[in-house]
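The following block contains the structure, expressed as structure tokens.
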Number of protein chains: 2
Amino acid sequence: MTIAARHVEPTEPADAALRPDIHTARVPRLCRACEARHRGICGALDPAELLRLGRTSTRQTYAAGTTLIAAGERAEHCSNILSGVVKLSKLLADGRQQVVALQFAPDFVGRPFAGDSDVLVEAATDLRVCSFPRRMLETMMTASPAFEARMHRQALRQLDEAREWMMALGRKSAAERVATFLVILSRHAAAPDGRRAGEIDLPLCRADIADFLGLTAETVSRQLTALRRQGVVDVVRSRHVTIRDPAALLCVAAM
Amino acid sequence: MTIAARHVEPTEPADAALRPDIHTARVPRLCRACEARHRGICGALDPAELLRLGRTSTRQTYAAGTTLIAAGERAEHCSNILSGVVKLSKLLADGRQQVVALQFAPDFVGRPFAGDSDVLVEAATDLRVCSFPRRMLETMMTASPAFEARMHRQALRQLDEAREWMMALGRKSAAERVATFLVILSRHAAAPDGRRAGEIDLPLCRADIADFLGLTAETVSRQLTALRRQGVVDVVRSRHVTIRDPAALLCVAAM
DNA sequence: CGTTTGTTTGAGCCTTCTCAAAGGCTGTGG
DNA sequence: CCACAGCCTTTGAGAAGGCTCAAACAAACG
């Protein structure tokens, strides 16, 4: 494993997690404060299971750009994203790159069942995750059908997202792809009530956005300035986007 | 449901499937002769479960071009493909189309859990399937962890395939995409020993191939003639392809 | 303040698309 | 069996969108 900037936060003292109580199995303190607890994979676990998983899990942070799992490598750890964005990409022998997915909190990173899936996993932004051994994942999957079902659902959701992007990559113009990218980001930055966010911090540099959209960095830049000139968005310091006209953006995105 | 050409084959008589025997649960005769039985989803079921599923399942045939499930529609039936090819595609409001997956025997068609996935499901070729009510799928998934796991694995496999195609759509040239398409088809037409098939019957017309590859029918045609001129493949009557130089094909495919 | 890295903008080129026409199969009816 | 219609495929010529290469600009960092 080539992890450049890995920093383990001070974890819950073991005795606190293990201390017997009136309730035989309490939710670990680490998990109680966890942002991802209910929405993520862990939401399927009861307190006893959570305790068991929590005992082996640690919070970690990675700096933007860090490689979490090299292509073809089999990860020994799985993670829940607490904050930040994870980039999954594929490489061709000659160096061409395609970003095949972005993952946001509270997504789960890591693959059930044996096969490696030959993607490169990197921290797109600074990242905080809750990490645990891969072995635990398999244990939980066999022990808890609800957990397995939730993993299954996540896989199906990712499949839908991948197919949505196939449409963009195969049939949409550069302008449409850039607009679609902004729409999707705004969904993820959205408030919990489902309203889309008007303010987006782009998690990727132009080159990475281009690798996601199947374009070049120059084309992405040009399309963004076009959107700016049309008054659809505002761009500040190249990474912060304000959506001024959401309806127009959706229209340009062909969605 | 708009099913144009649906033909229900005579099924196993109910009493034969239900007849008690020395073995409390025998494998239904329909399933015993089934090509997809061991490789497909059903392989995870024990004879009792298979009997239960078999009681509600029927073999059906569809003519090429038939719509199995319209986009956005929730299917009441699921199917195992026995022979033929199923095409999953997405449509844009203005009519642009992207084929997001091809499925071959013994793949499973139909979606576990509620959500519709907004794809159009069509028979690309003449099709034989083993079909059963969606309700049974949910029953089997909760009853049999092995069945649920197999469904989960199929979802992950489809996710890998989708991402592989994202690479092709986003980063490969027209020539590379067409070659990649042939390589993938040859894998599916391959003998069970894993050797790739040198003879391929294209399951799609040029326009559909184009919709899969994110190209136009004209470009697909031109690239195929280019491969023919280079001596890499032979094309007979536009639908039958012989791979003359597998190594060169792989090379052109950038794989 | 200079260096480095990322972004924007421009000019010309190349791949692929669009539009158009001709060529081949397939099926139908005489 | 042949003629013809209809559809799919092939091929060509010109247009256009996005790419490449290059340079100017901006922001981050030591």
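In the range B:166-183, which residue that is in contact (Cβ under 8 Å) with a residue 60 or more places away in the chain and in a helix (DSSP H, G or I) is nearest to the other protein chains (Cβ to nearest Cβ)?
Within the range B:166-183, the match that is nearest to the other protein chains (Cβ to nearest Cβ) is B:176.
Just one of (1) within 13 Å of DNA strand C (Cβ to nearest atom); (2) in a strand (DSSP E or B); (3) out of contact with any Lys or Arg (no Cβ under 7 Å at 6 or more places or on another chain) trips up residue A:200, so point out which.
(1)
On the given criteria, is residue B:230 more than 10 Å from DNA strand C (Cβ to nearest atom), at pLDDT 95 or above and not β-branched (Val, Ile, Thr)?
yes
Name the single residue, out of those in the range A:208-222 being among the acidic types (Asp, Glu) and within 13 Å of chain B (Cβ to nearest Cβ), that is farthest from DNA strand D (Cβ to nearest atom). Before you say what the answer is, go through the steps one by one.
Of the range A:208-222, the ones among the acidic types (Asp, Glu) are A:208, A:211, A:218.
With within 13 Å of chain B (Cβ to nearest Cβ) added as a condition, the list becomes A:208, A:211.
Numbers: A:208: 14, A:211: 10 Å.
So, considering only residues that are among the acidic types (Asp, Glu) and within 13 Å of chain B (Cβ to nearest Cβ), the one farthest from DNA strand D (Cβ to nearest atom) is A:208.
Do we have any residue at all in the range A:194-207 that's within 14 Å of chain B (Cβ to nearest Cβ), within 12 Å of DNA strand D (Cβ to nearest atom) and more than 26 Å from residue B:93 (Cα to Cα)? Step through it out loud before you land on a result.
Of the residues in the range A:194-207, the ones within 14 Å of chain B (Cβ to nearest Cβ) are A:207.
When the remaining residues are screened for being within 12 Å of DNA strand D (Cβ to nearest atom), the result is A:207.
Then drop every residue that is not more than 26 Å from residue B:93 (Cα to Cα), which leaves A:207.
Yes, the range A:194-207 has at least one match.
Look at the range B:160-176 and say how many of its residues are near DNA strand C (Cβ under 10 Å from one of its atoms) and surrounded by fewer than 23 Cβ atoms within 10 Å (Cβ to Cβ).
4
All but one of (1) small (Gly, Ala, Ser); (2) at pLDDT below 95; (3) closer than 30 Å to residue B:88 by Cβ hold for residue A:162, so report the exception by its number.
(2)
Failed condition for residue A:149, given (1) facing chain B (nearest Cβ under 9 Å); (2) touching a Ser or Thr at 6+ places or on another chain (Cβ under 7 Å), with all others met?
(2)
On to the next question. Condition first: away from DNA strand C (no atom under 12 Å from the Cβ), crowded, with 22+ Cβ neighbours inside 10 Å and assigned to a strand (DSSP E or B). Can you find one or more residues in the range B:206-227 that meet it?
no
Mind listing whichever residues of the range A:223-239 are touching a residue at least 12 places away in the same chain (Cβ under 8 Å), near DNA strand D (Cβ under 10 Å from one of its atoms) and not small (Gly, Ala, Ser)?
A:223, A:239
Being hydroxyl-bearing (Ser, Thr, Tyr), more than 14 Å from chain B (Cβ to nearest Cβ) and within 16 Å of DNA strand D (Cβ to nearest atom): is that true of residue A:186 here? Explain how you work it out, then say what you get.
Numbers: hydroxyl-bearing (Ser, Thr, Tyr): yes; more than 14 Å from chain B (Cβ to nearest Cβ): yes; within 16 Å of DNA strand D (Cβ to nearest atom): no.
Criteria not met by residue A:186.
The values are calculated or read from the model by the stated rules, or taken from the named source; none is laboratory data. Predicted model only: the values in this text are computed from it and were never measured. Note: ideal-geometry Cβ built from the backbone for every residue, glycine included; neighbour counts use all protein chains shown.
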